[in-house]
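Notes follow once the structure below has been shown.
Where a number appears in this text, it was derived from the coordinates with a stated rule and is not lab data. Please read these numbers as outputs of a predicted model, since none were measured by experiment. Glycine also receives a Cβ, built like all others from the backbone with ideal geometry; neighbour counts cover every protein chain displayed.
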């Protein structure tokens, strides 16, 4: 059996593109120990089988039983897929959310997804080359977009006129200047990519060592889901104003009603989070605090015309003196849904300190 095991161990190690020294470093043993296992001169202790299988990306059954022809997905496989989903999917979400949300919020959300993807790779499934390449490409793409938009914003604020007009003039008369600007944006994106990857991989995860992220749906009480319920209520609040037969005072005092509701929900969440054993409730409460103020700016605006006694949708020509109120819009619904699910996710997530298992030699 030891001879069969040694052949399987050597085969799985080579498929993983690991040297004996690299495998030994992952298991915190000497390379001579790995060499002895592969030569049939020894067999790993039982407590070492799980870390060994995880390092090779296989199950313990695959490692011990060579007759299995179909390998089922292990937990490390799922963690690896999840890390790709966070790192690459976070970039896709950045571009989707940037259509109707502030760019800074979208970028911070992307950085959080990227950092968690790196955390999963490092602590659960060991970093792969394809993850590094894909994450770096997506990070560079997002950073170039960010630098480009910041450049356009700076161009607008500097008083040089409409950015599209400036770009048109550069295309016709100043191609070298346009090329230089493009190279500057790419260089800025490359520098920002190097900084963010360094901070995420070297600095940002240092405080997470010794911790593990767990998801607990059961237990903990209903109070932890209050921020998510509050986010749902704040989103539904704007749908009420689709009804056109409400008292006029409700429309005219919409912002006071909204901010009052927001304040009450926030106070309830803070009080519940202050209870003993529920301090993690401050995390979804922070998401509510961030998402609530974004909704009013995404509402479709209507105005009350006193002379004709009717509501009209606000256009650029309408004077500011007419009282206004907001109505639910697709962008508002999408933003509310994102923050609702974020509150739910943060409510079931918890960081726990890993328990170190001591093995007797």
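Of note:
- Estimated D of segment 2-72 in µm² per second, where Rh is the Kirkwood radius over Cα pairs and Stokes-Einstein applies at 10 °C, 1.306 mPa s: 133
- Taking 13 Å as the cut-off, no amide N atom of segment 86-114 comes nearer than this to a point 7 Å along the Cα-to-beta-carbon line of residue 198.
- Inter-probe distance in nm under a simple model that places probes 7 Å from Cα toward Cβ, at residue 19 and residue 270: 5.7
- Efficiency of FRET from Cβ geometry, residue 225 and residue 92, R₀ 25 Å, rounded to 0.05: 0.40
- Approximate spin-label separation residue 36-residue 60, in nm, with each point projected 7 Å along Cα-to-Cβ: 2.2
- A crude spin-label estimate for the pair residue 246 and residue 29, with each label 7 Å from Cα along the Cβ direction, gives 6.8 nm.
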